[in-house]
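Before any comments, here is the structure.
The values are calculated or read from the model by the stated rules, or taken from the named source; none is laboratory data. No experiment lies behind these values; they were computed from the predicted model shown. So basically every Cβ, Gly included, is an ideal-geometry build from the backbone, and we count neighbours across all protein chains shown. Only protein heavy atoms, including side chains, enter the accessible area calculation; ligands, DNA and RNA are left aside. Shrake-Rupley method; radii C 1.70, N 1.55, O 1.52, S 1.80 Å.
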Number of protein chains: 2
Amino acid sequence: MRIGELAKRTNTPHRLLRYYEEQGLILAERGPNGYRRYNENDVDRVIQIRGLLDAGLPTRIIKQILPCLNKPRNIFFKDATPEMLATLRFERDRMTERIRCLTKNRDAIGEYLSTVEKCRAPEPTS
Amino acid sequence: MRIGELAKRTNTPHRLLRYYEEQGLILAERGPNGYRRYNENDVDRVIQIRGLLDAGLPTRIIKQILPCLNKPRNIFFKDATPEMLATLRFERDRMTERIRCLTKNRDAIGEYLSTVEKCRAPEPTS
DNA sequence: CTTGACTCTCACATCGGTGTGAGGGTTGAG
DNA sequence: CTCAACCCTCACACCGATGTGAGAGTCAAG
């Protein structure tokens, strides 16, 4: 598929797809006319990228962790340098901390909401 | 305490504490000399703010949800407008989505790491 | 052939969070 | 008194993610 379709299916502006490519997060083949060609996998990949960006990870880190993820477990074992592994552990722990923080605050919001609802319920609106 | 101590205890540059104040996330009393005075609660509050920022929430949203959180459940029930409640639900769901994404990717990193470790273990380094 | 929808590259703009420094007041220890 | 270590405000700079638009090529439908 071409960039327009990918943009629609991932709900992502063209501009950002090109940006992600520039940052090395996705790579697109080119048709003879110079147009980018994407495949089905790219849809999930872009969605994943956007999710991680939204969760506060910078492209630099996403680029490092993406190759180690959701792959048919074949590659990426030779070039796993100690520094790389350390980075991965560090980011994994950082993500755990983010999850902890988000969960705590989300639950607090939920609790607040249900409290409010309880206060409102006995008093019918009309 | 003054800004320096808060900065040290929250591991946050002065600049940002002033920025958070400017954005309405914290509010500091002022001593007669104009110096900001903080209390113990502000330590946790700043840490919480930083956690949320790191998890991708903008100050604008943090400002909205903070008053509904970790409070002695007393206030903030009259001014809970329907729009406000809708915002809260929306952000809560967004946070849930972030948690889902982070968890999935963190676990994938963990899996990768343990796979690598398993490959390395049987082969002593020396 | 023409037109409109799509694509390309390039470049400048914006926005939020953060860094940095200038210029100046306050305060406590020596 | 003086000096160091704080604090203040203000303002400009940076960086990463994103918006926007100009200028030009491609291509299918009419």
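Both numbers refer to the Cα atoms of segment A:1-70; Rg and Dmax are 11.7, 37 Å.
Accessible area per residue was computed with a 1.4 Å probe on protein heavy atoms; B:THR87 scores about 40 Å². Label sites at A:ARG94 and B:ARG94, each approximated as a point 7 angstrom past Cα along Cα to Cβ, lie 2.1 nm apart. For the residues of A:49-55, the average number of beta carbons from a partner chain within 10 Å of their own beta carbon is 5. Three semi-axes describe the equivalent ellipsoid of chain A; taken as square roots of 5 times the Cα gyration tensor eigenvalues and ordered largest first, they are 37, 24, 11 Å.
Counted residue by residue at 0.36 nm each, then reduced by the alpha carbon distance between them, the extension gain from B:ARG60 to B:GLU22 reaches 12.5 nm. Computed from label points 7 Å out along Cα-Cβ, the spacing between B:ASP107 and B:GLU29 is 4.8 nm. With R₀ set to 35 Å, the beta-carbon distance separating A:MET1 from B:GLU5 gives a calculated FRET efficiency near 0.05. Using the rule -39500 (n - 2.57) for each DSSP H run of four or more residues, divided by the residues of the protein assembly as shown, the 222 nm mean residue ellipticity is -20500 deg cm²/dmol.
Which residue fluctuates most in the GNM of chain A (Cα springs below 10 Å): A:ILE99, A:ILE61, A:ILE49? So, out of A:ILE99, A:ILE61, A:ILE49, the one fluctuating most is A:ILE99. How high is the FRET efficiency between B:LEU85 and A:ASN41 when r is their beta carbon distance and R₀ equals 45 Å, given to the nearest 0.05? Plugging the Cβ-Cβ distance into 1/(1 + (r/R0)^6) gives 0.70.
Shape summary of the protein assembly as shown, radius of gyration then Dmax from alpha carbon positions: 22.7, 79 Å. For segment A:1-70, the fraction of 1.4 Å probe accessible surface lying on carbon and sulfur atoms is 47 percent.
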